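To start, the structure itself, in structure tokens.
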Amino acid sequence: MILVDTHVHIHRCFNLDLFLSSSARNFRSAAEKVCPQQSYRAVLWLAEDSVTSEFDRLRQFADRHSNRDSWSISRTHEPHSLIASHQTLGSLTILAGRQIRCDEGIEILGLGTNRLFEDGIALHAAIEQIHADGAIAVLPWGFGKWTGRRGRVVRQLMESLTPEEISLGDNSGRLAFWLEPAEFSLARRRGFRILPGSDPLPFASEVSRAASYGLAVAGELSDTDPAGDMLTLLSDPAIRITPFGRLEGPVRFLRNQLAMQWVKRRRSERHHS
């Protein structure tokens, strides 16, 4: 089995060793529920914005053949994947991916590419560029981001594109007791995939969030070309995706939303100063 968190951020406020160790432990907990008695591969799929390059920073550690605390990083035969190894916690496969803020006020993920995309481009243009780079385009859910005009854009996109052209993304920040977004029901009826991921927020307290929410698929990953293997697996319309993990509780949800509003306000103040 392969366990994948499809929406990962390594924020600068994270201690990298703690981030990787927490991810490995979260994957182990998920495996005990999803695939007990089976071996598994653990995959962190990054979704980096236009100003973040943690994947490149990790590649530099591998280039120097140095250890980062108790974890070591090694390169594969492809440019979009790395292997993080620990003596007792096993290994994590880290895949490159990008997050693009589009002109319509909607974010789109390109999974399987480390290309630097321009923010502010049209949504359809972003999807075309993601496909041209051989990556998977994912439209991630976010609190308040699929409502009103933006919600209509999402639904129109699902009407105009096929399941082969785009997937939807769920994340662990969604409240557990709320009804799921109507777009998810529409996605299932029309055959679109829903790819879950943790989407850690930019707070030090979120360092242990990665791998707490994701998906499991049956398959194998090579040590040489794991990104290519994952892209092939997820392009198979017959592949069965099993989600794992829990959604957000009300206390943490409210705390995180208030904190994010404060962060956005500070960014706006710096932008206009």
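The values are calculated or read from the model by the stated rules, or taken from the named source; none is laboratory data. Source: prediction; values computed, not measured. Virtual Cβ from ideal backbone geometry, glycine too; neighbours counted across all protein chains shown. When the accessible area is computed, the model is the full protein with side chains, heavy atoms only, and any ligands, DNA or RNA have been set aside. Shrake-Rupley method; radii C 1.70, N 1.55, O 1.52, S 1.80 Å.
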Report relative contact order for the chain in percent, whole number only (criteria: Cα-Cα under 8 Å, sequence separation at least 6). 23
Expressed in nm to one decimal, what extension gain is obtained for the pair R152 and W178 from 0.36 nm per residue of sequence separation less their Cα-Cα distance? 7.3 nm
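Show me the ranking of peptides 27-33, 116-122 by mean Cβ neighbours inside 10 Å, starting with the highest.
Values: 27-33: 17.1, 116-122: 14.1.
The packing order, highest mean first, is 27-33, 116-122.
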Can you give me the Cα centroid spacing of segment 95-135 and segment 145-222 in angstrom? 16
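Under the rule of -39500 (n - 2.57) per DSSP H run of 4 or more residues, summed and divided by the residues of the chain, what mean residue ellipticity at 222 nm is obtained, to the nearest 500 deg cm²/dmol? Can you show the working numbers first?
Working: 7 runs with 93 residues, N = 273.
Mean residue ellipticity, 222 nm, calculated: -11000 deg cm²/dmol.
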Expressed as a whole percentage, what fraction of the accessible surface of the chain belongs to carbon and sulfur atoms when a 1.4 Å probe is rolled over the protein heavy atoms? 50
Stretched out fully, how many nm does the piece from S235 to F143 gain, at 0.36 nm a residue minus the Cα gap? 30.4 nm
Beta bridges per DSSP with both ends in the chain, % antiparallel, nearest 5: 60
Over the chain, average the accessible area per residue using a 1.4 Å probe and give it in Å², no decimals. 48
Could you work out how much longer the chain between E165 and D56 gets when fully extended? Use 0.36 nm per residue separation minus the Cα distance between them, nm to one decimal. 36.5 nm
Mind ranking 194-204, 224-234, 70-80 by how tightly packed they are, going by the mean number of other C-beta atoms within 10 angstrom, highest first? 194-204, 224-234, 70-80
Starting with the highest mean, order 180-187, 132-139, 96-103 by the number of other Cβ atoms within 10 Å, averaged over the residues of each peptide. 96-103, 132-139, 180-187
Normalised by the number of residues in segment 153-217, what is the relative contact order in percent for Cα pairs under 8 Å and 6+ residues apart? 34
Estimated FRET transfer efficiency (H86, K33; beta-carbon r; R0 22 Å; 0.05): 0.50
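For a distance above 27 Å, tell me the whole-number percent of Cα pairs in segment 1-154 that qualify.
Percentage above 27 Å: 29.
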Once every Cα of segment 75-233 carries one equal point scatterer and solvent is ignored, give the base-10 log of I(q)/I(0) from the Debye formula at q = 0.21 Å⁻¹, two decimals. -1.59
